[in-house]
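See below for the structure under consideration.
The values are calculated or read from the model by the stated rules, or taken from the named source; none is laboratory data. Owing to the predicted nature of the structure, the values given are computational and were not obtained by experimental measurement. All Cβ positions, even for glycine, are placed from backbone atoms using ideal geometry, and neighbour counts span all protein chains on display.
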């Protein structure tokens, strides 16, 4: 059995959304399907593991950032963030993504003149 080409899988995932957009002109269906799946998991108290954007407070060594990570979804919503052991290069890439998201969030706050109350 051939080994997986991680670089190719990574590139395919990045390009998937663009391909859908270029072929259909939008990605509304996939967004609606994702929301429906989350609602179904909550309504049926499934305890399903789904990728959700959640505020991280130490998971994966990250804090003060929202990223999509595996989460257990129950009737109460996102009840547990699963902290999987990642390969060093995967963890490094996740940290790079987190820094990028934090930088973008700060730029939006700065450039939009939004006032945010400090955390207590």
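Structure summary
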quantity	calculated
In region 33-50, the residues that are at pLDDT below 95 and in contact with a strand residue (DSSP E or B) (Cβ under 9 Å, 6 or more places away or on another chain)	34
Entirely in region 1-114, the strands (runs of 3 or more DSSP E) that have 1 or more residues that are loosely packed, with under 11 Cβ neighbours inside 10 Å	48-57
Residues being out of contact with any strand residue (DSSP E or B) (no Cβ under 6 Å at 6 or more places or on another chain) and at negative phi - total across region 70-103	21
